[in-house]
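Below is the structure I would like to discuss, written out as structure tokens.
Derivation of every value follows stated rules applied to the coordinates shown; laboratory data play no part. Keep in mind the model is a prediction, meaning the values are calculated, not measured. Neighbour counts run over all protein chains shown; Cβ positions are idealised from the backbone, glycine included.
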Amino acid sequence: MKTRNGFVSNSSSSSFVVAAKKGSTKIKLVIEVDIADFADHTILNVKQLDKYLDDDGLEKDECSWYGNAVKALKEGKAIYKGWFADDSDKPLEVFLCSHGIPQETETDDFKILESEGGY
């Protein structure tokens, strides 16, 4: 067991020991994220969608995802509109801000209508 003497910060660390074939050290991490936790708007019908755009000063034809949003709403899906911040104290949010929502997360029940990262 390690014992630390002197100044101790609030940072944490973890150690690991792995056995891997040379060249096989990459791993795939899977994290479950509830996008609704990052949404500041939940839109349940076309009327709410149009009001959201109007309140934001956007025209339907300026919104590249509008047609897909209407289609999704008609299929009974909800639209979640939000953002990620790079100055968040949540590392996952910083990652999503930098990279956007990965395309690999799309399923029949979850479609990415717009996700930009890396600004």
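When a footprinting reagent is the concern and you count Cβ atoms within 10 Å, what order do 54, 89 take, fewest first?
Ascending Cβ contact count within 10 Å gives the list 89, 54.
Something else: Work out, step by step, the length gained on full extension between residue 33 and residue 94: first 0.36 nm times the residue separation, then minus their alpha carbon distance; give nm to one decimal.
20.6 nm
In terms of Cα to Cα distance under 27 Å, which lysines are near enough to residue 26, apart from those fewer than 8 places away along the same chain?
The reachable lysines, counting only those whose Cα sits under 27 Å from residue 26, are 90.
Multiply the residue gap between residue 103 and residue 58 by 0.36 nm, knock off their C-alpha separation, and tell me the result in nm, one decimal place. Please list the in-between numbers first.
Values: separation 45, 0.36 × 45 = 16.20 nm, distance 2.56 nm.
Net length gain for the segment: 13.6 nm.
For a footprinting-style exposure proxy, rank 25, 105 by other Cβ within 10 Å, fewest first.
Starting with the residue having the fewest Cβ neighbours, the order is 25, 105.
With 10 angstrom as the radius, rank 79, 35 by how many other C-beta atoms surround their C-beta, starting from the fewest. Mind dumping the intermediate values first?
Working: 79 21, 35 15.
Fewest-to-most ranking of 79, 35: 35, 79.
With Rg and Dmax of the Cα atoms in Å in mind, check (i) 15.7, 59; (ii) 17.5, 64; (iii) 20.5, 63 and report the label derived from this structure.
Recomputing Rg and Dmax of the Cα atoms in Å here picks out (iii).
Another question about this same structure. Whats the longest run of the chain with zero trypsin sites (Lys or Arg not before Pro) that are DSSP loop and have at most 16 other Cβ atoms within 10 Å?
29-76
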